[in-house]
1. For segment 115-122, in order, what is each residue's ³J(HN,Hα) by Karplus, 6.51 cos²θ - 1.76 cosθ + 1.60 with θ = phi - 60°, in whole Hz (x at glycine and Pro)?
2. On a 1.4 Å probe surface of the protein chains, which of 127, 177 comes out largest in accessible area, and what is the full order?
3. In sequence order, what are the phi-derived ³J(HN,Hα) couplings for segment 62-75 according to the Karplus relation 6.51 cos²θ - 1.76 cosθ + 1.60 with θ = phi - 60°, rounded to whole Hz, with x for glycine and proline?
4. Spin-label point model (7 Å from Cα, Cβ direction): what's the residue 9 to residue 30 distance in nm?
5. Would you kindly state how much longer the chain becomes between residue 137 and residue 211 on full extension, computed as 0.36 nm times their sequence separation minus their alpha carbon distance, in nm to one decimal?
6. Give, as a single signed number, the net charge of other residues whose beta carbon lies under 15 Å from the beta carbon of residue 212, with Lys and Arg counted +1 and Asp and Glu -1.
7. Please give the contour-minus-distance gain from residue 79 to residue 119: 0.36 nm per residue of separation, less the Cα-Cα distance, rounded to one decimal in nm.
8. Taking all protein chains together and a probe of 1.4 Å, list 144, 187 from the most accessible to the least accessible.
Amino acid sequence: MISHSYSQIRLADHVRACRVGDQLIFLDLRRDRYIGMGGPQIAALCESILGQGATKGPQAAPSDKALFAKYVRHLRQHHLLSDEPADGSMESSLHLDTPVASMALDDRDRPLASEWRQLPRLWRSTFVASAWLRRLRLAYIAGHVVAMVADRAHIGDPVASDAMRASVESYMRLRPFALSSHDRCLHDSLTLIHLLNTEGLFAHWVIGVRVDPFGAHAWAQAGDVVLNDYP
């Protein structure tokens, strides 16, 4: 069995991670950078850190305990792991449903006459998202988003509401008048999340990665529905 110290290791609060094939990809929100790790102990690390691939009963021991310990020390030295008990404040941002549907519309759909009065509020959300990205590390932005989700979580499933669908559809129609084609997915997603929050709705901010070649993408998601993109 894995020793007690290994079974207790967890991601630091400012770190997110996922397994992509035979690699473990970390996002350090304080340093705004990605870190990749591969090797024969990745499966054991994923089981210990992410709970992925865990079997029923006791955890399987790493195939090379000395090498596993070296990996753990390396991650601790880079402040990617924490020995402190989790406080649960980030739990909602670490466990999301796999997206299977989308609310996204074609940007060419013209805004309805009743939607134009919402444009100033969209411009404000665009400005706020831009200011976040210019002035703040991703860790602070993530903290803002998690706080917004926590404040709205009591209202139930937002995907099922007509208000959520109407707000997202309106955003998609008005988006070309507030965001240019050069605005990146981070700006787009944070704008939508902030706009929804002003309307009493909430969504998660999701960042996904791929390898070979490496790439990252961000979107807004509620339940198993992608709001501003396609699964």
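The values are calculated or read from the model by the stated rules, or taken from the named source; none is laboratory data. Predicted model only: the values in this text are computed from it and were never measured. Quick reminder, even Gly has a Cβ in these numbers, built from the backbone with ideal geometry, and neighbours come from all protein chains shown. Note: accessible area is taken over every heavy atom of the protein model, side chains too, but ligands, DNA and RNA are not part of it. Shrake-Rupley method; radii C 1.70, N 1.55, O 1.52, S 1.80 Å.
1. So the Karplus estimates, Gly and Pro as x, are 8, 4, 5, 7, 4, x, 5, 5 Hz.
2. Values: 127 125, 177 100 Å².
Ranked from most to least accessible, the order is 127, 177.
3. These are the phi-based 3J(HN,Hα) values: x, 5, 9, 5, 5, 5, 4, 4, 5, 4, 4, 4, 4, 5 Hz.
4. Label-label distance for residue 9 and residue 30, simple model: 1.8 nm.
5. Details: separation 74, 0.36 × 74 = 26.64 nm, distance 2.36 nm.
Between residue 137 and residue 211, full extension yields 24.3 nm more.
6. Numbers: positive: 19, 210; negative: 22.
Neighbour charge sum, excluding residue 212 itself: +1.
7. On the way: separation 40, 0.36 × 40 = 14.40 nm, distance 4.25 nm.
Length gained, residue 79 through residue 119: 10.2 nm.
8. Reading off the accessible areas and sorting them downward yields 144, 187.
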